[in-house]
Structures are given as C-alpha cells and as structure tokens.
Amino acid sequence: MSRLDEIGANLAAVRLRLASACLAAGRNPEEVLLIAVTKTWPIADVEAAASLGLRDVGESRDQEAAPKAAARPDLVWHFVGAIQSNKARSIGSYSNVVHSLDRADLVDPIARGAREAGRTVRVLVQARLDGEPGRRGADRDEVLRLAELIEQTEGLRCGGVMGIAPLGEDPNATFGVLSEIAAAVVSTHPEARDISAGMSGDLESAIANGSTMVRVGSAIFGAREPRLR
Ligand SMILES: *Cc1c(COP(=O)(O)O)cnc(C)c1O
C-alpha cells in the first residue's frame, strides 16, 4: 500500500469514529474540526493529508512547525505543543491558532509575532486537568484571567480552551471539568466557544463532552518514533 493509501484508509476510519461519536452524542459532525497532527512526520505526509482534503494541521515544536508552515501557507496551522518563551514570537508569526497558551508571559511575544506578520492569531488557553501543580496548563481562575488578557491584546483573539486528559485517568471526568471551564470562559467571552479536546485514544469521550476540535496524530499517520526532548 502506498503511503497516500495508508493515510487515506486511516483517515476514513477516523472520520467514521468522529461520525459515530457525534451520532452517539446527538451532535452535528460539522461542529467538530479534525486537526491532523503531523509532528515528526515529513512534509510529504502533510501534502498527502492536504490532498485527501485535510486543511487543518497541528504541530508541537517550533523548529519543525516553522518550515512546514512556510512550505504550505495555504493550510491552517495549529500550534498544540508546550511553548518555550524564546519561541513564542516565532510561533505567533505563522500559527493561525495557538492551542497551548498557559502563562501570561507568552501573550506579548505571541502577539508581537502575529502583528509583525500582519495577522490575528486565535489563542486557546490550555487548562490543567490533572490537578498536579507544575504540570502544563493553567488553573481554572487563571484560565479566565488569561482569556481576558488575550482579548485585550492587539493581534490576538481568544478562541476558547484546550485540555489534555492525563494518562490513566477517566477521560470522561477530566473532559467534563474542561467543559465547565469552557462554559465559564464563554459566559464572559461569547466568541471564545472552541473546546480543543480529544486525541487518537480518547476522541469519543471528548466529543461526548462538547469538544469542537480534535487533534489526531497516530490514528492518521501511524505510531511515532519516540523522540528525545
Ligand atoms: C501529539 C499530540 C496530539 C496527537 O496525539 P495522538 O495520540 O497521536 O493522536 C494531540 N495533541 C497534542 C497536544 C499533542 O502533542
């Protein structure tokens, strides 16, 4: 099987899972955006995904995302990974949507990158869902403060919230917490309606809990090689 056929078959299976999950949750599949997470995969795989109709692409490291986004500026680029302070300006310069803002000091450099590139970046606030201090994501009150800060910053719009269900915990419970945080954000920022939740292993429970953006990598492209961080 060619790589294109392989990705195409995987994609068909993922679309079927999305459709069944929406049916089970009584939701319209058009409410859920599928983002193909292409991290570690070559630009040829991005091209393959695009030729199969995917327009939204996710990456998690600036060094890898920047050249890919430059090669395909026609696609919609989602930055989903942890943001290092010294990469924030670069990330703001090519991302259409940043999913993983979790601290106030990232707001200005992302906005500077966005303004220099003459664009407005949609920013989601990443909520911490595992209760462990020190892990990625902001606590509920901090999510609300960050949403306000983003809205007040030229070059940025708050798009909503993002969360990652911790391994080994019930994703239904954690995505339920995320949807409560999302409702609090929407009550003050009615446009910030997106909930970025769900990956290859847990997209069904994310959709049952109101996800509007699923970030799917391995179910489309195959298992990634482990990489050194
Ligand atoms: C890698 C990654 C994904 C995709 O994960 P899969 O399990 O391969 O679908 C989604 N979200 C984030 C933040 C990631 O880093």
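The values are calculated or read from the model by the stated rules, or taken from the named source; none is laboratory data. Just so you know, these numbers come straight off a predicted model, no measurement behind them. All Cβ positions, even for glycine, are placed from backbone atoms using ideal geometry, and neighbour counts span all protein chains on display. These area figures cover heavy atoms from the full protein model, side chains too; ligands, DNA and RNA do not enter into them. Shrake-Rupley method; radii C 1.70, N 1.55, O 1.52, S 1.80 Å.
If you go through segment 47-66 and keep only what is buried (at least 21 other Cβ atoms within 10 Å of the Cβ), farther than 22 Å from Arg119 by Cα and within 18 Å of the chain's Cα centre (by Cα), you end up with just Ala49. Among the residues of segment 64-95, those that are away from the ligand (no atom under 16 Å from the Cβ) and polar (S, T, N, Q) comprise Ser85, Asn86, Ser90, Ser93.
Considering segment 181-206, and only residues there that are in contact with a helix residue (DSSP H, G or I) (Cβ under 8 Å, 6 or more places away or on another chain) and under 11 Å from Ala127 (Cα atoms), the residue that is nearest to the ligand (Cβ to nearest atom) turns out to be Ala197. Please tell me if Asp102 is within 17 Å of Gly159 (Cα to Cα), within 15 Å of the ligand (Cβ to nearest atom) and of a type in the set (Asp, Glu). Considered against the rule, which asks whether it is within 17 Å of Gly159 (Cα to Cα), within 15 Å of the ligand (Cβ to nearest atom) and of a type in the set (Asp, Glu), Asp102 comes out as yes.
Entry remark, segment 202-218: residues being surrounded by fewer than 20 Cβ atoms within 10 Å (Cβ to Cβ) and under 16 Å from Ser60 (Cβ atoms) number 1 in total. Name the residue that is nearest to Val80 (Cα to Cα), counting only residues in segment 162-173 that are within 14 Å of the ligand (Cβ to nearest atom) and at pLDDT below 95. Among residues in segment 162-173 that are within 14 Å of the ligand (Cβ to nearest atom) and at pLDDT below 95, the one nearest to Val80 (Cα to Cα) is Ala165.
Looking at the structure I just gave you, is Asp105 open to solvent by 10 Å² or more (accessible area, probe 1.4 Å) and not in a helix (DSSP H, G or I)? No; evaluated as a whole, the condition is false for this residue.
Based on this model, can you work out whether Ser205 counts as touching a His at 6+ places or on another chain (Cβ under 6 Å) and under 24 Å from Gly131 (Cβ atoms)? It would help to see each step written out before you state the result.
On the way: touching a His at 6+ places or on another chain (Cβ under 6 Å): no; under 24 Å from Gly131 (Cβ atoms): yes.
No, not satisfied.
Filtering segment 128-145 to residues that are more than 17 Å from the chain's Cα centre (by Cα) and away from the ligand (no atom under 16 Å from the Cβ) leaves Gly131, Glu132, Pro133, Gly134, Asp139, Arg140, Asp141, Glu142, Leu144, Arg145. Residues in segment 191-201 that are surrounded by fewer than 22 Cβ atoms within 10 Å (Cβ to Cβ) and farther than 18 Å from Arg145 by Cβ: Arg193, Met199, Ser200, Gly201. Remark: pairs (first residue in segment 161-186, outside any loop (DSSP other than H, G, I, E, B) and open to solvent by 20 Å² or more (accessible area, probe 1.4 Å); second residue hydroxyl-bearing (Ser, Thr, Tyr) and within 16 Å of the ligand (Cβ to nearest atom); Cβ separation under 7 Å; 6+ apart in sequence or on different chains) = Pro171/Ser205; Asn172/Ser205. Annotation: of all residues in segment 126-144 being out of contact with any Asp or Glu (no Cβ under 7 Å at 6 or more places or on another chain) and not charged (D, E, K, R), the one that is surrounded by the fewest Cβ atoms within 10 Å (Cβ to Cβ) is Gly134.
Only one of the listed residues (Arg27, Arg17) is modelled with pLDDT of 95 or more and part of a helix (DSSP H, G or I). That residue is Arg17. Looking across segment 73-91, the residues that are assigned to a loop (DSSP other than H, G, I, E, B) and surrounded by 17 or more Cβ atoms within 10 Å (Cβ to Cβ) come down to Leu75, Val80, Gly81, Ile83. Just checking, which of Ala36, Ala69 is surrounded by 18 or more Cβ atoms within 10 Å (Cβ to Cβ), of a type in the set (A, V, I, L, M) and within 21 Å of Gly222 (Cβ to Cβ)? Of the residues listed, the single one that is surrounded by 18 or more Cβ atoms within 10 Å (Cβ to Cβ), of a type in the set (A, V, I, L, M) and within 21 Å of Gly222 (Cβ to Cβ) is Ala36.
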